[in-house]
Amino acid sequence: MLILEGTEEQEIVIRGDITVKVLHVGSRRASIGFNAPDDVGIRRRGLPNSEDIPSHKPHENPEGMLVFTMRPNDIVDIDGGITVLVRSVRKSGKIKMGVDAPSDTSILRRELIGEDREGHKPHRSRERF
């Protein structure tokens with residue numbers, strides 16, 4: 001499992017086509033957005049009757065993002081054997097997440113990929129996530 005620490009607005013890109021974005025960090029919980037192609041299912045583990053709920057498809061949300069409010073130890077399963085776990089949420093506005101995926105799956109911070117969505121080139125800093 002890869003452990004990442006980050007703050008609001010930071011993104012992780014998994015496999016090049018799945019985005020996990022930290023939308024808000026509160027004192028005990030965080031809002032995490034998930035975006036994936038239509039053929040990739042996303043399920044939050046532990047919801048009542050979650051087996052009966054169809055998996056998320058990005059086109060269901062106008063922004064193409066499924067948002068979960070998560071606390072430490074909450075887990076989201078993504079098709080392809082990918083698991084995202086919230087390990088901790090700090091009052092300082094930081095969140096630690098673990099991403100478990102097959103060994104051939106790429107997991108990158110958005111700023112390390114190249115230009116972001118606004119066309120800015122990434123800056124190299126010591127900031128984590």
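The values are calculated or read from the model by the stated rules, or taken from the named source; none is laboratory data. Not measured: the values here are computed from a predicted model. Here Cβ is always computed from backbone atoms with ideal geometry, including for glycine, and neighbour counts include all displayed protein chains.
D39 falls short on exactly one of the conditions (1) modelled with pLDDT of 85 or more; (2) out of contact with any Pro (no Cβ under 9 Å at 6 or more places or on another chain); (3) surrounded by 14 or more Cβ atoms within 10 Å (Cβ to Cβ), and that condition is (3).
The single residue among T69, T19 that is more than 11 Å from the chain's Cα centre (by Cα), at pLDDT 85 or above and of a type in the set (S, T, Y) turns out to be T69.
Within the range 78-93, being at negative phi and surrounded by fewer than 18 Cβ atoms within 10 Å (Cβ to Cβ) holds for D79, T83, R87, S88, R90, K91, S92. Taking the range 73-92 as the range and being of a type in the set (D, E) and under 11 Å from the mean Cα position of the chain (by Cα) as the test, only D77 passes. Listed by first and then second residue, the pairs with beta-carbon distance under 6 Å, at least 6 apart or on different chains, first residue in the range 89-113 and closer than 14 Å to V22 by Cα and in a loop (DSSP other than H, G, I, E, B), second of a type in the set (A, V, I, L, M) and at pLDDT 90 or above, are G93/V25.
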